[in-house]
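Structure, as structure tokens:
None of the figures in this text is laboratory data; all of them are computed from the coordinates on show. Since the structure is predicted, the reported quantities are computational estimates derived from the model, not experimental observations. Note: ideal-geometry Cβ built from the backbone for every residue, glycine included; neighbour counts use all protein chains shown.
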Amino acid sequence: AYEPFHNRKMEHPNSDIRSFANLLKSSLGSGILAMPAAFKNAGTIVGIFGTIFLGYICTHCVYLLVKT
């Protein structure tokens with residue numbers, strides 16, 4: 001059977017913090033571009049609370065991905 005990690009030699013593997021930062025940057029990149037349209041459609045109050053709520057959900061999911 002093929003073992004993908006058997007012949008894999010990395011001099012500087014990513015740390016948990018670096019992996020977390022990479023996942024967070026990729027999540028935020030597309031979200032920032034869609035933010036003005038989302039606030040226009042949702043309104044100020046719903047937009048603020050929705051952003052906080054979805055930010056918490058995304059942060060928790062990224063944490064679970066990094067932890068695994």
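Here's the yes/no breakdown for (1) over 16 Å from the mean Cα position of the chain (by Cα); (2) of a type in the set (Ser, Thr, Tyr); (3) assigned to a helix (DSSP H, G or I):
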residue: ILE17; (1), (2), (3): no, no, yes
residue: PHE20; (1), (2), (3): no, no, yes
residue: LEU23; (1), (2), (3): no, no, yes
residue: SER26; (1), (2), (3): no, yes, yes
residue: GLY31; (1), (2), (3): no, no, yes
residue: PRO36; (1), (2), (3): yes, no, yes
residue: VAL46; (1), (2), (3): yes, no, yes
residue: PHE49; (1), (2), (3): yes, no, yes
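State yes or no: is VAL62 outside any loop (DSSP other than H, G, I, E, B), under 9 Å from the mean Cα position of the chain (by Cα) and β-branched (Val, Ile, Thr)? Answer is yes for this residue. Cβ-Cβ contacts under 7 Å between residues 6 or more apart (or on different chains), taken from a first residue in the stretch 37-65 that is more than 30 Å from ILE17 (Cα to Cα) and free of Cβ contacts under 8 Å to residues at least 60 places away in the same chain to a second residue that is part of a helix (DSSP H, G or I) and small (Gly, Ala, Ser), are listed as PHE39/GLY47; ALA42/GLY50.
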